[in-house]
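What follows is a short report on a single structure.
Values in this text are rule-based calculations from the coordinates and carry no lab data. Everything numeric in this text was worked out from a predicted model, so none of it was measured. Positions of Cβ are generated from backbone atoms using ideal geometry, with glycine treated the same way; all protein chains shown enter the neighbour counts.
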Amino acid sequence: MATKAKKTVKNKVFKTVDTVKEVAAKTNDFALKTTEEVVTEMINVASKWQTVTAKAVKGGLKVADTQQNMVFDSLETAKGHILNGVKRSKALFSKN
């Protein structure tokens, strides 16, 4: 009788171990599948943001180029005005 009880307990333990293995395998499969979906979605989102960032950088460089040209044009204009003012001042003071 004791042997039969030991076999029953042993069988229950093996069934429990098998059940735990099945649950662990299902959990592992779910975790892997979910992780793969998350990583795939992250890659897709990163690709979209990379495109947006590239457009922003190109647009920013165009704006910076335009602003730089405006600054240099303004400086050249100011230089011309200053030189013209200096010539006029020399002309005014040299007649006296």
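Below are the figures for this structure:
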read-out	value
Tilt relative to the chain, helix 2-94 - C-alpha long axis, 0 to 90 degrees, to 10	0 degrees
Size of electric dipole in the chain: Cβ of Lys, Arg +1 and of Asp, Glu -1, about Cα centre, debye, nearest 20	380 debye
Within the chain, helix-based [θ] at 222 nm, where runs of 4 or more DSSP H residues each add -39,500 (n - 2.57), nearest 500	-37000 deg cm²/dmol
Normalised convex hull volume, the chain, alpha-carbon set, Å³ per residue	90 Å³
Cα→Cβ-extended label distance, 7 Å offset, between A31 and E76, nm	6.7 nm
Listed residue (L92, G59, A24) projecting farthest to the positive dipole end of the chain, Cβ model	A24
Cα-Cα P(r), segment 1-57, percent of pairs per 5 Å interval	4, 16, 9, 11, 8, 8, 8, 6, 7, 5, 5, 4, 3, 2, 2, 1, 0
